[in-house]
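Colleague: Have a look at this one before I ask anything.
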Amino acid sequence: MYRSQQLALKYFIAAIALFGIMIVFGLLASAQYVHMGFLFQVLDFSITKTLHIDTMILWLLMGFMGCIYWFLPQELERDVEGIKLAEIMFYILCTAIATVAAVFIFVQYGGSNEFSMWFINQGRKYVEAPRWAAIGIVLVVLVFSYNIVATAIKAKKITGIMGVLMIDLVPLFALYLIAFPRITNMSVDLFWWWWLVHLWVEGTWEVLIGCIMALALMQLLGTARRIVETWLYIEVALVLGTGILGLGHHYFWIGTPEYWLAIGGLFSALEPLPLLGMVVHAVYDAGTHHMKTTNKPALYWMMAEAFGNFLGAGVFGFMMTLPQINLFSHGTQWTVSHGHFAFWGAYACGVLSVVYVALQKARGLEEMNGIRWKWSFGLLNFGMIGMVGALLISGIAQAFYERAIGGSTIQAFIDAQSNLWFLQGMNARLVFGVLFAIGYAVLVYDLLTIGGKHRTKQAAVLRPA
Amino acid sequence: MNHPAFWRAGAISSTAVMAVVLIFLTIDSLSAIQAGGRNVPDYSVINKAIGYQFDAKRAASVPIIGGEELLFGRKYSAAEADRLMDHGKLAIQSRACINCHTFFGNGAYYAPDLTKAWLDPVWKQMWMPMTQSATKEEAMVKFLMNPEKYPTWGRMMPNLKLTREDSEAIVAYLKWMSAIDTNGFPSGFKTTESK
Amino acid sequence: MSGYELIYASLLLGVFVLCAGGYGVLYTLAQLQNAASWLYGARTFYGLQWLTTAAIVATTPLAAGWKLLIVVSCLVTLRVPQVIWKYLELIHK
Ligand code: HEM
Ligand code: HEM
Ligand SMILES: [Fe+2]
């Protein structure tokens, strides 16, 4: 194994651990919907939810970084340049995350001053981390980018996938800088904030996971480079061709001009097209190989990625992306339903797939299989589908009672939240959330043990390399 | 067509074209949403009465800015209003209101949307009597400073240690926000203040 | 849009994309296995997509522009799995 791949395994361990912490806080936040007064003024909803979504962003980003550190030396056939620095940054990142989490839990919030922005909580969704920590993330990403670029230069080699990846990292990084300024005007603030959120998840991240899946596909099914690269370019053309202006579906109601209703609706309505292409391609690849592989879990998670991306982002997104619908669904549990399904399908499943790819190599296993991964795969996906189904019911009930007939006032909000459909949806979400959590526990157990006795023997053979 | 270079060129050009269009739209949108732009009023709107009315031509409700209506019995100069808004936003960010509430429908869905909170009938109907306040803004300040004392239902807002100064700034901020043209969001909002 | 119209229209929009997905997946399976039965399934999904389109056009209060978009998308969907299939075959050779 290359040294960079050992670092990748560390990143995966951290990512899976954060995934667990994320689930804990997700469960706490959803319990606060079900049980009034739960942890009131102790660990309020705003805190549990912040920890939930921030750990989500972080575990996915760390998972992506793990994937790249895993494939990079293989792709360029040499160890990664500046690996020592990257290893140090890993520990700095972990320390920073732990510190921020402790501050969120124990300090929670500060006074109305710049000190709070620098050291406690910036109070902007997904990018709550105080500025000092955001600077830390910038440094980590800079080192990460340096690793990639410097290795490519040293190797005097740049593949098509690497080219896409390197170019993609530039906007991905630049957009993150929106996490810093404090803008008085809420319309302007949210305008830029959506550049960050939407152009990440429906643009740069989508390209990044495309690169990662392309690399995984070559390893998993031995697909030829020329094929995956051609396909990657097509995906990039379609995803960015629709997704960049699809940004407009967040500019319907924040004070921005009316023309966004047409532009945002049109382009975001086209966004499912590339996702459909990915599903068809996945079926094609799996079909031509008759689902035969030495790494079943990785292949299944990869299929789940293609289908989940299509269903969660494509179908659930399309349901509420036309402005006439979005006027009612906007900012309800309906959004949460789509958000979970899409993030799960598009990104979480992809990372899990590569974790299995890496484990097979790291443990020198000829075949990855067994019963446990099937249980975790089943429970996690079943739990997720149950959760998003429940949230969809709650969300539709909320759009119906609060907006369509309620008049969108505070009283209408309260009425919708007390509605039976809504409440049953919230209860069901919690139940499915627990199933999901059990699936996670099985996943961890499987990741720790897969390969069993064979592993030490065979891994020992591989290690000297 | 089956050569990667063809699609590489396609990817680069479609991305470039869309990015350029987005930049032009951004320039125009930013001018519309600056305070004092086409869609977003100047901060000194807090000195005026704000209503909300259905506009048949646009098939959406739009804010109506009326005559003078002082906030906290004071008239804020432009500079004072700027400072107040800045403080209000800082208070809102430091307490992460957006992780329970939504602003223009963005944020978390645990507590009511704050876009038109200033125009909500609940203040007159419920919180003014409950907090024994003579004005709406006074009721809002009292609620914000001690939300756990004036709950309307089981799910309560925690005390976020907002000072009187913070709370006044937040109220002003909410008043300004309610005067922003949001293309009719939230839908069918029923206010009692639609003069 | 009334509450019921909202639920009805959004569900139809979801079904619309689902049908496209079902069509695409079954069409690809049919080609892979050279099996007519999958192809019937694929055609059924595509037919359902047209039914959904008709329902959206005739019975929802969506604006004319969005209805046009749905009709055009449905037309285009016919060729999408075929084009993707041909193309995948082409680059795999
Ligand atoms: C991988 C792809 C995607 C991911 C991860 C994703 C995730 C999310 C998340 C997390 C939100 C909530 C944001 C927030 O308010 O905090 C959101 C909102 C939204 N997404 Fe997506 N999404 C994806 C693709 C799509 C696609 C393809 C469409 C349209 C067809 C779409 C339509 C929407 C719409 C309309 C909203 C706004 C919801 C509202 O008004 O409250 N998304 N998305
Ligand atoms: C046991 C499992 C989970 C539970 C119980 C849970 C619960 C929650 C809750 C209560 C919220 C707050 C929504 C609100 O503001 O009302 C939330 C938000 C969110 N969660 Fe989860 N979650 C779980 C797993 C996940 C997973 C696996 C992902 C992604 C991979 C995820 C991504 C998100 C996102 C993106 C949001 C923000 C969505 C939005 O505001 O629209 N969650 N979750
Ligand atoms: Fe989006």
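The values are calculated or read from the model by the stated rules, or taken from the named source; none is laboratory data. Because the structure is predicted, anything quoted here is derived from the model rather than measured. Ideal geometry is used to build each Cβ from the backbone, glycine not excepted, and the neighbour counts take in all protein chains shown. Surface areas here come from the heavy atoms of the whole protein model, side chains and all, with no ligands, DNA or RNA. Shrake-Rupley method; radii C 1.70, N 1.55, O 1.52, S 1.80 Å.
Colleague: What is the packing order of peptides B:23-31, C:51-59, A:189-197, taking the mean over residues of other C-beta atoms within 10 Å and listing the highest first?
Modeller: Listed from highest to lowest mean packing, they are A:189-197, C:51-59, B:23-31.
Colleague: Same structure again: From the mean inverse distance of alpha carbon pairs (Kirkwood) and the Cα radius of gyration, derive Rg over Rh for chain C.
Modeller: Across chain C, the Cα-based Rg/Rh ratio is 1.08.
Colleague: What accessible surface, in Å², does a 1.4 Å probe find on B:M156, ignoring ligands, DNA and RNA and rounding to the nearest 10?
Modeller: Accessible surface of B:M156 is approximately 60 Å².
Colleague: Whose amide H sits under 5 Å from the amide H of A:E81, counting only residues 5 or more places off or on another chain, with H placed in the peptide plane?
Modeller: A:T151
Colleague: Next question, about the same structure. Straight-line reach from A:K154: which lysines have a Cα under 17 Å away, not including same-chain ones fewer than 8 places off?
Modeller: By straight Cα distance, A:K154 reaches A:K84.
Colleague: Over chain A, what relative contact order in percent results from Cα pairs under 8 Å that are six or more residues apart?
Modeller: Result for chain A is 13 percent.
Colleague: What is the distance in Å between the Cα centroid of region A:333-402 and that of region C:47-85?
Modeller: Between the Cα centre of region A:333-402 and that of region C:47-85, the gap is 29 Å.
Colleague: Which trypsin sites (Lys or Arg not before Pro) from region A:77-186 combine a DSSP loop assignment with at most 11 other Cβ atoms within 10 Å?
Modeller: A:K156
Colleague: If the only charges are +1 at each Lys and Arg Cβ and -1 at each Asp and Glu Cβ, what is the size of the charge dipole of chain A around the Cα centre, to the nearest 20 debye?
Modeller: 1360
Colleague: Put +1 on the Cβ of each Lys and Arg and -1 on the Cβ of each Asp and Glu in chain A; which of A:A390, A:G255, A:G222 then has its Cα farthest toward the positive end of the dipole?
Modeller: A:G222
Colleague: Given charges of +1 on the Cβ of Lys and Arg and -1 on the Cβ of Asp and Glu, with all other atoms neutral, how large is the dipole of region A:87-189 about its Cα centre, in debye to the nearest 20?
Modeller: About 280 debye.
Colleague: Sticking with this structure for a sec: For B:Y52, list long-range residues whose amide hydrogen, built 1.01 Å from N in the peptide plane, is under 5 Å from its own amide hydrogen.
Modeller: B:I64, B:S194, B:K195
Colleague: Along the positive direction of the dipole of region A:25-178 (beta-carbon charges: Lys, Arg +1; Asp, Glu -1; about the Cα centre), which of A:A134, A:V34, A:A98 reaches farthest?
Modeller: About the Cα centre, the residue reaching furthest to the positive side is A:A134.
Colleague: Through the Karplus equation 6.51 cos²θ - 1.76 cosθ + 1.60, θ set to phi - 60°, convert the phi angles of region A:144-149 into ³J(HN,Hα) values in whole Hz; use x for Gly and Pro.
Modeller: Listing the rounded values in order: 4, 5, 4, 3, 5, 5 Hz.
Colleague: Need one number: nm distance between label points at C:N34 and B:A49, each 7 Å from Cα along Cα→Cβ, rounded to one decimal.
Modeller: 8.1
Colleague: Follow-up question, since we're still on this one. Using Cα pairs under 8 angstrom and six or more residues apart, how large is the relative contact order of region B:39-178, in percent?
Modeller: Relative contact order, region B:39-178: 25 percent.
Colleague: Still on this structure, please answer the following. Can you put B:D120, B:D113 in order of accessible area, largest first, using a 1.4 Å probe?
Modeller: Of B:D120, B:D113, the descending order of accessible area is B:D113, B:D120.
Colleague: In whole percent, how big is the carbon plus sulfur part of the accessible area of region A:97-225, probe 1.4 Å, protein atoms only?
Modeller: 77
Colleague: Next question, about the same structure. Just checking the output field for B:147-157: average partner chain Cβ neighbours within 10 Å of each residue's Cβ?
Modeller: Across the residues of B:147-157, the mean count of other-chain Cβ atoms within 10 Å is 3.
Colleague: Okay, moving on. Treating only the Cβ of Lys, Arg, Asp and Glu as charged (+1, +1, -1, -1), what charge dipole size does region A:1-155 show about its Cα centre? Round to the nearest 20 debye.
Modeller: That gives region A:1-155 a dipole magnitude of about 20 debye.
Colleague: For q = 0.16, 0.18, 0.21, 0.22 Å⁻¹, what log10 I(q)/I(0) does region A:1-133 give under the Debye formula with an equal point scatterer on each alpha carbon and no solvent?
Modeller: -0.84, -0.97, -1.16, -1.23
Colleague: Turning to a different aspect of this structure: Just tell me which lysines come within less than 29 Å, Cα to Cα, of A:K49; anything on the same chain fewer than 8 places away is out.
Modeller: By straight Cα distance, A:K49 reaches A:K10, A:K125, B:K89, B:K116, B:K142, B:K149, B:K161, B:K175.
Colleague: Give me the aspartates and glutamates in straight-line cross-link reach of A:K296: C-alpha distance below 20 Å, same-chain residues under 8 apart excluded.
Modeller: A:D285, A:E305, A:E366, A:E367, A:D446
Colleague: Just checking the output field for B:110-120: average partner chain Cβ neighbours within 10 Å of each residue's Cβ?
Modeller: For peptide B:110-120, the averaged partner shielding equals 5.
Colleague: Kindly rank C:10-21, A:297-308 from highest to lowest mean number of other beta carbons found within 10 Å of each residue.
Modeller: A:297-308, C:10-21
Colleague: For C:32-42, what's the mean count of beta carbons from other chains sitting within 10 Å of each residue's beta carbon?
Modeller: Rounded to a whole number, the mean comes out at 1.
Colleague: Short version: ³J(HN,Hα) in whole Hz for each residue of region A:192-206, in order, from phi by Karplus 6.51 cos²θ - 1.76 cosθ + 1.60 (θ = phi - 60°), x for Gly and Pro, what are they?
Modeller: Per residue, the Karplus-derived 3J(HN,Hα) values read 6, 4, 6, 4, 4, 6, 6, 6, 6, 6, 10, x, 5, 5, 4 Hz.
Colleague: Work out, in µm²/s and without decimals, the Stokes-Einstein translational diffusion coefficient of the protein assembly as shown at 25 °C, 0.890 mPa s, Rh from Kirkwood over C-alpha pairs.
Modeller: Diffusion coefficient, whole number: 91 µm²/s.
Colleague: Compute the length gained on full extension between A:V107 and A:H290: take 0.36 nm times their separation in residues and subtract their Cα-Cα distance, giving the result in nm to one decimal.
Modeller: Here the answer is 60.4 nm.
Colleague: If the elastic network links every pair of Cα atoms under 10 Å, which of C:Q49, C:Q33, C:Q82 fluctuates the most in the Gaussian network model of chain C?
Modeller: Residue with maximal mean-square fluctuation among C:Q49, C:Q33, C:Q82: C:Q33.
Colleague: Top to bottom by accessible area (1.4 Å), largest first, where do B:I46, A:I97 land?
Modeller: Greatest to least solvent exposure: A:I97, B:I46.
Colleague: Given an 8 Å cut-off on Cα distances and at least 6 residues of separation, report the relative contact order of region B:1-111 as a percent.
Modeller: The normalised contact order for region B:1-111 reaches 14 percent.
Colleague: In sequence order, what are the phi-derived ³J(HN,Hα) couplings for region A:338-348 according to the Karplus relation 6.51 cos²θ - 1.76 cosθ + 1.60 with θ = phi - 60°, rounded to whole Hz, with x for glycine and proline?
Modeller: Listing the rounded values in order: 4, x, 5, 4, 5, 5, 4, x, 6, 10, 4 Hz.
Colleague: Another question, if that's okay. Amide H to amide H under 5 Å from B:M156: which residues, 5+ apart in sequence or cross-chain, H placed 1.01 Å off N in plane?
Modeller: Placed amide hydrogens put A:G37 under 5 Å from B:M156.
Colleague: Here is a follow-up. For region C:1-43, just say rounded, prolate or oblate: build the C-alpha gyration tensor, square-root its eigenvalues into a ≥ b ≥ c, call rounded for a/c under 1.5, and beyond that prolate if a/b exceeds b/c, oblate if not.
Modeller: It is prolate, given that a/c is not under 1.5 and a/b is the larger ratio.
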